[in-house]
Amino acid sequence: MGEKKGFTLIEMLLVILIIGILINIFLPHFSLFQERAKRTQIKNNMQVLQKALMAWAADHSGEFPLPDIVGEVLDPEGPLAYYFPGGNPANEDNIGNFPINPYTGLRYNSEYEDLFYGGNYVFENYGDNAKTWAGDTTCPYLKWASDEAISGQIAVGVYFDTITYAVIQYGIAGWGRCFLDSLNYP
């Protein structure tokens with residue numbers, strides 16, 4: 001009789017078991033890396049917003065925009081949009097590109113309200129930042145303005161000069177994935 005070549009059933013099951021164990025070990029880490037990458041993108045988006053605000057101030061005598069002018073929910077075609085990458089404030093046909101929310105895959109404020117300026121995010125005292133304003137110095141996030149939140153939101157808190165009503169200070173805060181049951185999208 002000739003010798004049979006191949007794997008036994010036990011050997012095949014053992015290989016499948018080892019592959020399953022390896023997947024269970026590495027899959028959670030992969031998800032964690034994806035979440036970290038999305039949060040890093042939120043930070044990059046916050047820097048893009050900060051550069052747009054600084055460019056606005058450079059063109060407007062050092063003053064930051066008022067929420068009444070640019071809108072509390074930033075308009076992707078509003079006056080601040082010209083200061084985002086690709087935009088040109090001197091050319092009305094050249095609107096800049098808002099960054100993309102890594103959780104929705106869409107440009108900010110294109111379909112969901114997820115990029116805010118002022119409005120419910122107003123600092124009460126000069127020198128406040130997101131930590132002190134939120135009332136919790138251990139948490140670096142602004143308070144939610146409402147019960148509706150979208151993963152990847154960015155909000156700009158502002159402080160107004162009480163005499164001139166000019167925005168003289170701002171702070172940018174961003175959120176990662178929303179884990180509350182009622183705020184499960186996206």
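The values are calculated or read from the model by the stated rules, or taken from the named source; none is laboratory data. All of these numbers come straight from a predicted model, not from anything done at the bench. Ideal geometry is used to build each Cβ from the backbone, glycine not excepted, and the neighbour counts take in all protein chains shown.
Going through (1) in contact with a helix residue (DSSP H, G or I) (Cβ under 9 Å, 6 or more places away or on another chain); (2) crowded, with 17+ Cβ neighbours inside 10 Å; (3) at pLDDT below 75; (4) more than 17 Å from residue 50 (Cα to Cα) one by one, residue 178 falls short only on (1). Hey, could you check segment 46-67 for residues that are among the polar types (S, T, N, Q) and more than 16 Å from residue 157 (Cβ to Cβ) and say which is surrounded by the fewest Cβ atoms within 10 Å (Cβ to Cβ)? It comes out as 61.
For segment 104-124, a tally of residues being touching a helix residue (DSSP H, G or I) at 6+ places or on another chain (Cβ under 6 Å) and assigned to a loop (DSSP other than H, G, I, E, B) returns 1. Residue check: residue 98 meets all listed conditions (1) hydrophobic (A, V, I, L, M, F, W, C); (2) within 21 Å of residue 152 (Cα to Cα); (3) out of contact with any strand residue (DSSP E or B) (no Cβ under 9 Å at 6 or more places or on another chain); (4) not in a helix (DSSP H, G or I) but one, namely (3). Whenever a residue of segment 151-164 is within 24 Å of residue 115 (Cβ to Cβ), its partners that are among the polar types (S, T, N, Q) and modelled with pLDDT of 85 or more, lying with C-beta atoms within less than 7 angstrom and at least six residues away or across chains, give the pairs 152/101; 152/104; 154/45.
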